[in-house]
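Read the figures in this text as sums done on the coordinates, not as results from a lab. In this text the structure is predicted, and so the values were computed from the model without any measurement. Here the Cβ positions follow ideal geometry from the backbone for every residue, glycine too, while neighbour counts run over all protein chains shown.
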Amino acid sequence: MALALFIIFGVLCVAGALNLLFQRHPINSALSLVVVMMALAVIYWTLGAEFLAAAQVIVYSGAIMVLFTFVIMLLNAGEEERTTGSKAAYFVGIPGVAGIIALLTYIFLHEKAALGYARLGGSLDTATSNISEISRVLFTDLLLPFEVTSILILVAILGAVVLARREQ
Amino acid sequence: MNPNYLWLIPVLPFAGFLINGTLGRKLARPAVAGIALLFTAIPALLVAWLWSTMLSTGALTMSVTSRSWITVPGFHVNFAFAVDHLTLIMLAVVTGVGFLIHIYSAGYMAHEEGYWRFFAYLNLFMFFMLVLVLAANFLLLFVGWEGVGLASYLLIGFYFTKDSAANAGKKAFVVNRIGDFGFLLAMFLIIAHFGSLSFGDVFAAVNAHPAWQGGFLTAIALLLLVGAAGKSAQLPLYVWLPDAMEGPTPVSALIHAATMVTAGVYMVCRTHVIFDRSPLALSVVAIIGAATAIFAATIGMVQHDIKRVLAYSTVSQLGYMFLGCGVAAYSAAVFHLMTHAFFKALLFLAAGSVIHALSGEQDMRLMGGLKKRIPVTYWTMTAGVIAIAGIPPLAGFFSKDEILYRTFAFEANPMLGKLLWAVGLLTAGLTSFYMFRLWYKTFAGEERFDEAHLGQAHAVVHADEHPAGHDEGQDTSHQGHHGVHESPWIMLAPLCILALLSIIGGWIGIPQALGGSNHFEHFLDPVFAATTHAENAVNADQVSHSMELVLAAVSVLVALIGWFVARIFYLKKPGTLGARFGNSALYKLVANKYWVDEAYDATIVQPTVIGSRILLWGFVENVLVNGSGFVSAAITRLFASVTRKMQSGNIRSYAGWLAVGAAIILIAMTASALHIH
Amino acid sequence: MPQLSDFHLFLVITLLKIVVVLVITLTAVAYTVLLERKVIGRIQNRWGPSRVGPFGLLQPLADGIKLFLKEDLMPLAVERPLFVISPMIALACALVSIAVVPFGAVHTVHGVDIFQIADINIGLLVILGITSIGVYGIALSGWSSNNKYSLLGSLRASAQVISYELALGLSLVGVVLRAGSLRLRDIVDSQSAHGLLSWNIIGGLQIVGFFIYLMAAYAETNRAPFDLPEAESELVAGYHTEYSSMKFAMFFMAEYANMITVSCVATLLFFGGATSPFGHMFDATGPAWLSMVMPVFWFVFKVFCFLFLYIWVRSTLPRFRYDQLMAFGWKFLLPLAMLNIIATSLALAYHG
Amino acid sequence: MVPIAYYLILAAVLFSIGIGSFLIKRNIITIFMSIELMLNAVNLTFVAFAHQWKLIHGQIFVFFVMVVAAAEAAVGLAIIIAIFRTRQTLNVDNINLMKN
């Protein structure tokens, strides 16, 4: 069951990622990325991180990617054209990337036993959810980083407004 | 008084400094002066309380350690204050005279720009001076030492728009650095030999080893002496003090006569344990003191600027104190320090009052006949002049005579003692002469100033009108200039108090030979006990009281001779002296201050300037520094011409390099990880 | 059914639940349309649909047949795949949210709760997440239509939905704080003690939160007075201008399904869900089946009231201007929601 | 029971695809999206390791990554809009003012 879920959504992830790579229109790439993220959300859930699964959907798919499509629509971005540089990237990049994947895969499979196995539903979860656990750590031990992050967000908002505003 | 409150004594003036320094610009002048006075008066009261506590409890010392300051293995310094009887006297002098001079300043500076700045600096000075006096270790003393130097620099250059004032400040600072260098080296030596900078530890260690004579103690003592000579304006580092007269007169009175310049004397007395072990260092102290005394006195004879006469006089009197220290008569030196603080502060303040009366005129050739015009100033100044001249029963006589007597009776080296005594005696005569010269030239004879044009030449310094109520001079000016006038009472009151102190201040130390009991020396006995009792107390018994009486009579006689000579040349037959000697080589030598400044300029300043220009600027700066810059720039450019080919400006190529780097790291990590397995 | 394992049983019952709920929801959607037409007709002093069937009750059926049989136009310049997929996204997202809604008291058959499709411990977050995904349907439909009106409509819609999502999410925090859980059953249970008096809107003092939620929900569903994306007078029909036949019907159904979802959530969060307004007063009375049916009745009744309110508001209030809409959302609702959170948390902290 | 290694391999594959599309794509928005893809891949490893070590901190790290990614997206897209306004293109090969 767990393996089936993993295979279904893992394949969905990889397919989405590859579609992002091969689609030439940015909006198709964006939608492929949404698919990847939704699939990842399910995988998070199988790993016992249901809060992150929800956050992944709400924040990544529902906010960040909507922003991306919004910008694509706003700028009316068209299909991209080929250039010589991109060909070089194809010839050098794809074999290199494939090599790295092969290397990492080999390592992970080599260490498979040491890494252990995942149980469906996770081993962290309490009776209700792991949200209480996350919030307890977040608002006690990690309160300062949390507040700093909120400042960061505020700065980012202001920066975005300043950058995107049309010069008067 | 609980020693835990000792810190209040220095900190309160610092609070005054902070308040006036930050808010003073916005405050009204009475508020500024009020704050400064309040934060000086409270420490004075605290000192009085402290004094009464220590006398009533009979405690000889009192100390407080607040917290550790520097702690490294094998060496430890605390923030610590300590009080003994020597400190008490210094505290009383600093806070008492300081408070009087603060009052005086409120009147004297009333019409100056930067009123708040002046009082902020004065309070800052008080803070550092009190830290210096209260310090229980060399390092904290050094903090105060440097701090008073800073305050002195700021106040000398108070009229910083005047080139001469700014230069005088710089000169004071630089010359003092030489002395500080000696002090620092002395501290290093002390750390090296004692592993501590605390007075208690160091002196206990010295007392515990009677075998230590001379050697490194001489080195330490001589280096300390360098520091003391710089701060107390002794030969050969005295040159800054006469120039320091560019500062406002209350500053000259407080810093450059009564308190700061005596820090060197205080330091020698404080470290007398070390000096006692080194006859050589003591001799050097005595010789420097005597030489400075007579050297400055001769220059003082021919100066025309009223404040410069007093400045050389100060140098000369400080020489006396060093002489006292040098013959191990520390209590006599401190006694003279105290009486000198009274009468020299008085003289400076009175001179300030004269200058104030003449709207900024400082040249004695343009004074004269002021006796009737400013009577209070006249009478108070008279007390100061008689006191410094050493005529009984005023303060200066007792303290100076004590030093001369002790010099004469100096047992460790009788020949040197007699010689120095002769020099001191001659100096006493000269002192009497130049002080009465000043007195006659200022107050007696005909009026040599042009009342109508008073104040024009010195408009910068004293330009503002004075309150009409204090204007005793007749308003002869048709343009609204003010004539000679007595100072306001806020200035005269401190003068009167100081005059009283100058008259009676010496009575606490009347020697037994004159029927007194020398309270002062007994008071300081706990501090200088080792020296006083072991050597000189016995000595005092051996030299008969009759001898002491004879010596006192001789010194009084010399002082009177000085007076009469001055009377002849400056009251009866003015101008004759100038006509006789005005063109002689000797006069020119003295009038030009022995060309010391010029000699320093030629031997030290100019070589330094030229050396800097050729070696530092020409070679180090241009060849080494710039050259290395050019070379490194050329190398950078060479490499850059190769490596910038990688910087295509194309974002994706950067990303590609990034990916390559990450891949290399990954492979390296993998390789090492697999290797471990 | 002894031959079925637990897992198969679970699968079968769940599929059954899904089908039943889906059918009921779609029927409800159809009849909500009829309700709207009737009510607005009455409000505007006319009869509304009355010809097809008794009281016009068969009108939705007739509409459905008509839409099925219409020609499915596919304009030449559209982005084909996205044009086809976006109404599906819209409708799917609208319907999926129902899955986590508990519409009755807990009643298990073979270990499976039959009045809720999925009892998820982050149910509220799931609803919010699915709502946020719903934006894609509108955004993509407008863009893929290759039509200026559609694009403007969809841009408006996306901006509006994203903006009001913040206020919507924050308005629910007060409720979550009170319940201490994101599971919808827990939230309902937290309001079940004393019936009406312990509902969040009354007993929980979440009236401000409810008000914010209501405003944001109207905006989220693009309903009047926030129906800027499909403002007929300005944009023809907004993002679905180019759509026809069943694709149009999907958008249409999505809108009404969203209304139902939003009403369900409001009922669950602020009005005690499937609990009786009289608390446990009449629990003991009546036969066993009554205690099973009554919660469902209360739930449906509350949702119906909300739908009625929706229609009432639509026929009463005029449309906002776009800048007013944005200012209202960002400058009024959002700060108010934050204040509500602060006040609620302070009150909770004070009480214990 | 799925081996953790599989999750890590999935993450590695996603990450590598992200690198590849970062290098290959020419549209700056798509490049930006591939950064997000890489972030997601890293997040997956965090969650997987959090599961393996039974520590909540891995998940919290993901939470922070999400927040920072949101900020990054806001600023990055604003920059892209500004670039588009001045250069009238989204092709990175044409955005080469830094060259020489």
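Annotations
- Its relative contact order, with pairs defined as Cα atoms under 8 Å and 6+ residues apart, puts chain B at 11 percent.
- Per-residue mean of foreign Cβ neighbours for A:39-51 is 6 (Cβ atoms of other chains, 10 Å radius).
- Pair-distance profile P(r), taking every C-alpha pair of segment B:115-252, with 5 angstrom steps and integer %: 2, 11, 17, 20, 17, 12, 9, 6, 4, 2, 1, 0
- Projected onto planes of every orientation and averaged, the convex hull of the alpha-carbon atoms in chain B covers 43.4 nm².
- Taking a ≥ b ≥ c as the square roots of the eigenvalues of the Cα gyration tensor, segment B:70-183 is classed as oblate, since a/c reaches at least 1.5 and a/b does not exceed b/c.
- Three-way shape call for segment C:256-352 based on the alpha-carbon gyration tensor, with the a/c threshold at 1.5: oblate
- Among B:LYS400, B:LYS572, the order by Cβ neighbours within 10 angstrom, fewest to most, reads B:LYS572, B:LYS400.
- Whole-Hz ³J(HN,Hα) from phi, Karplus 6.51 cos²θ - 1.76 cosθ + 1.60, for segment C:64-78, glycine and proline x: x, 4, 4, 5, 4, 7, 5, 6, 8, 6, 10, x, 5, 8, 6
- The GNM of chain D, with springs linking C-alpha atoms under 10 angstrom apart, assigns the highest mean-square fluctuation among D:ALA11, D:ALA82, D:ALA73 to D:ALA82.
- Radius of gyration and Dmax over the Cα atoms of segment B:229-275, both given in Å: 11.8, 37
- Excluding same-chain neighbours fewer than eight residues apart, the lysines reachable from B:LYS372 by a Cα-Cα span under 26 Å are B:LYS307, B:LYS344, B:LYS441, B:LYS572, B:LYS573.
- Cα centroids of segment B:601-677 and segment B:87-140: 53 Å apart.
- Other protein chain C-beta atoms within 10 Å of residue C-beta, averaged over C:117-128: 4.
- Cα gyration tensor shape for segment B:231-352, rounded if a/c is under 1.5, else prolate or oblate: prolate
- Relative to the current alpha-carbon distance between B:THR608 and B:MET669, full extension at 0.36 nm per residue lengthens the span by 15.9 nm.
- Inter-centroid distance (Cα atoms) of segment C:294-352 relative to segment D:24-86, Å: 33 Å
- Packing-based ranking of A:12-18, B:55-61 yields A:12-18, B:55-61, ordered from highest to lowest mean Cβ neighbour count within 10 Å.
- Computed over chain C: relative contact order in percent, which uses C-alpha pairs under 8 Å that are six or more apart: 22 percent
- For chain B, complete DSSP H runs whose alpha carbons reach 24 Å or more along their own long axis and whose mean Kyte-Doolittle score is 0.5 or higher are B:29-57, B:85-108, B:115-134, B:138-156, B:163-194, B:279-302, B:306-326, B:330-357, B:414-443, B:545-567, B:626-643, B:651-676.
- For q = 0.16, 0.25 Å⁻¹, Debye-computed log10 I/I(0) when each Cα of segment D:4-92 counts as one equal scatterer: -0.70, -1.16
- Two tests apply to each whole DSSP H helix in chain A, Cα reach of 18 Å or more along its axis and mean Kyte-Doolittle hydropathy of at least 0.0, and the ones passing both are A:2-22, A:26-46, A:84-110, A:143-164.
- Normalising the average separation of contacting C-alpha pairs (under 8 angstrom, six or more residues apart) by the number of residues puts the relative contact order of segment D:4-92 at 31 percent.
- Averaged over the residues of A:102-108, the number of partner chain Cβ atoms lying within 10 Å of the residue Cβ comes to 6.
- Intensity falloff of the protein assembly as shown expressed as log10 I(q)/I(0), Debye formula with alpha-carbon point scatterers, at q = 0.09 Å⁻¹: -1.01
- Tilt relative to chain C, helix C:80-96 - C-alpha long axis, 0 to 90 degrees, to 10: 20 degrees
- Other residues with beta-carbon under 12 Å from the beta-carbon of B:LEU318 carry, at +1 per Lys or Arg and -1 per Asp or Glu, a net charge of +2.
- A helix-only calculation puts chain C at -21500 deg cm²/dmol for mean residue ellipticity at 222 nm, using -39500 (n - 2.57) for each DSSP H run of at least four residues, averaged over all residues.
- Packing around the peptides B:122-128, B:138-144, B:487-493, taken as the average count of other Cβ atoms within 10 Å per residue, puts them in this order, highest first: B:122-128, B:138-144, B:487-493.
- Ranked by how many other Cβ atoms sit within 10 Å of their own Cβ, fewest first, the residues B:LYS307, B:LYS344 fall in the order B:LYS307, B:LYS344.
- FRET efficiency for B:LEU27 and B:TYR5, using Cβ-Cβ distance with R0 set to 22 Å, rounded to 0.05: 0.20
- Ordering B:355-363, B:626-634, A:97-105 by mean Cβ neighbour count within 10 Å, with the highest value first, yields B:355-363, A:97-105, B:626-634.
- Sorting B:MET301, C:MET259, C:MET326 from the fewest to the most surrounding beta carbons within 10 angstrom yields C:MET326, B:MET301, C:MET259.
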